[in-house]
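So the structure is just underneath, and the comments pick up after that.
The values are calculated or read from the model by the stated rules, or taken from the named source; none is laboratory data. Note that this is a predicted model, so its numbers are computed, not measured. Note: ideal-geometry Cβ built from the backbone for every residue, glycine included; neighbour counts use all protein chains shown.
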Amino acid sequence: MAVLTIITEGDPRLRQKAVRIKSIDDGLRRLARDMWDTLQAANGVGLAAPQVGVLRRLIIVHIPAGFEQEDDPEIKLTLVNPEIVKASGRQVGPEGCLSIPGWVGDVPRAMNVTVKARDLDDREVRIKASGFLARVLQHEIDHLDGILFVDRVEDRSTLRYIPEDEEEEVTAPQAAARTAE
């Protein structure tokens, strides 16, 4: 287990499309474990393999218990070859990225998504998500296609830099996503 280096904007690997995973093996499981260590060390909610320089279609998501609502359960997902098969509604809210440290901007996303993927036991999983979880899934899946959140910011005036010593927590409770019809 290891904390991997998170690559940042400017590294060409962030703009490349990740390769579909053909088989789930011990190497992939080790990568996933290392990504979990990395996500925890970075205090993030999601990480895609391209962010650690590995061009494979693998994402992890961790939303702590009580993140949006006090009684919300903890969500931990490791998804192989995830794809959005259904999306509806619209939300606009703040996003940041471990690969673009310090920058935050308002990004429009679907309010609800259904994601199809495989888990590390090679079982098919389907996830119906809304709100913040839907946002995180869309953000991480974008990484697999070389898309960064700054590419999706419609109103560039919402893009702002927050120095690390003034870092605010951009989370659902503090900066709830605004919904739009």
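For ARG33, indicate whether it is assigned to a helix (DSSP H, G or I), of a type in the set (D, E, K, R) and within 15 Å of the chain's Cα centre (by Cα). Considered against the rule, which asks whether it is assigned to a helix (DSSP H, G or I), of a type in the set (D, E, K, R) and within 15 Å of the chain's Cα centre (by Cα), ARG33 comes out as no.
Quick one: is ALA65 modelled with pLDDT under 95, out of contact with any Ser or Thr (no Cβ under 8 Å at 6 or more places or on another chain) and surrounded by fewer than 19 Cβ atoms within 10 Å (Cβ to Cβ)?
Details: modelled with pLDDT under 95: yes; out of contact with any Ser or Thr (no Cβ under 8 Å at 6 or more places or on another chain): yes; surrounded by fewer than 19 Cβ atoms within 10 Å (Cβ to Cβ): yes.
For ALA65, the condition - modelled with pLDDT under 95, out of contact with any Ser or Thr (no Cβ under 8 Å at 6 or more places or on another chain) and surrounded by fewer than 19 Cβ atoms within 10 Å (Cβ to Cβ) - is met.
Within the stretch 89-104, the set of residues being touching a strand residue (DSSP E or B) at 6+ places or on another chain (Cβ under 7 Å), closer than 23 Å to ALA41 by Cα and not aliphatic (A, V, I, L, M) comprises PRO94, GLU95, GLY96, GLY102, TRP103.
Reported count of residues in the stretch 45-76, each being touching a Gly at 6+ places or on another chain (Cβ under 9 Å) and either of a type in the set (Val, Ile, Thr) or closer than 26 Å to ARG13 by Cα (or both), is 6.
When restricted to residues that are among the β-branched types (Val, Ile, Thr), farther than 19 Å from GLU74 by Cα and surrounded by 15 or more Cβ atoms within 10 Å (Cβ to Cβ), the stretch 19-62 contains 4. Taking first residues from the stretch 70-85 that are closer than 25 Å to ARG30 by Cα and free of Cβ contacts under 8 Å to residues at least 12 places away in the same chain and partners that are in a strand (DSSP E or B) and of a type outside the set (D, E, K, R), no Cβ contact under 9 Å between residues at least 6 apart in sequence or on separate chains turns up. Within the option set ILE59, ILE6, being assigned to a strand (DSSP E or B), of a type outside the set (Lys, Arg) and either out of contact with any Phe, Trp or Tyr (no Cβ under 6 Å at 6 or more places or on another chain) or at positive phi (or both) holds for one residue only, ILE59.
Filter the stretch 65-121 down to residues that are small (Gly, Ala, Ser) and closer than 26 Å to ILE6 by Cα, then give me how many there are.
Of all residues in the stretch 65-121, those small (Gly, Ala, Ser) come to 65-66, 87-89, 93, 96, 99, 102, 105, 110, 117.
Next cut, closer than 26 Å to ILE6 by Cα only: 65, 93, 96, 99, 102, 105, 117.
So the count comes out to 7.
Just wondering, is there one or more residues in the stretch 6-15 that are modelled with pLDDT of 95 or more, more than 14 Å from LEU120 (Cα to Cα) and small (Gly, Ala, Ser)?
To start, the set of residues in the stretch 6-15 that are modelled with pLDDT of 95 or more comprises 6-15.
Adding the requirement that they be more than 14 Å from LEU120 (Cα to Cα) leaves 6-15.
Checking which are small (Gly, Ala, Ser) leaves us with 10.
Checking the stretch 6-15: at least one residue is modelled with pLDDT of 95 or more, more than 14 Å from LEU120 (Cα to Cα) and small (Gly, Ala, Ser).
Of the strands (runs of 3 or more DSSP E) lying entirely inside the stretch 96-177, those containing at least 1 residues that are at pLDDT 95 or above and within 23 Å of ARG56 (Cβ to Cβ) span 112-118, 124-130.
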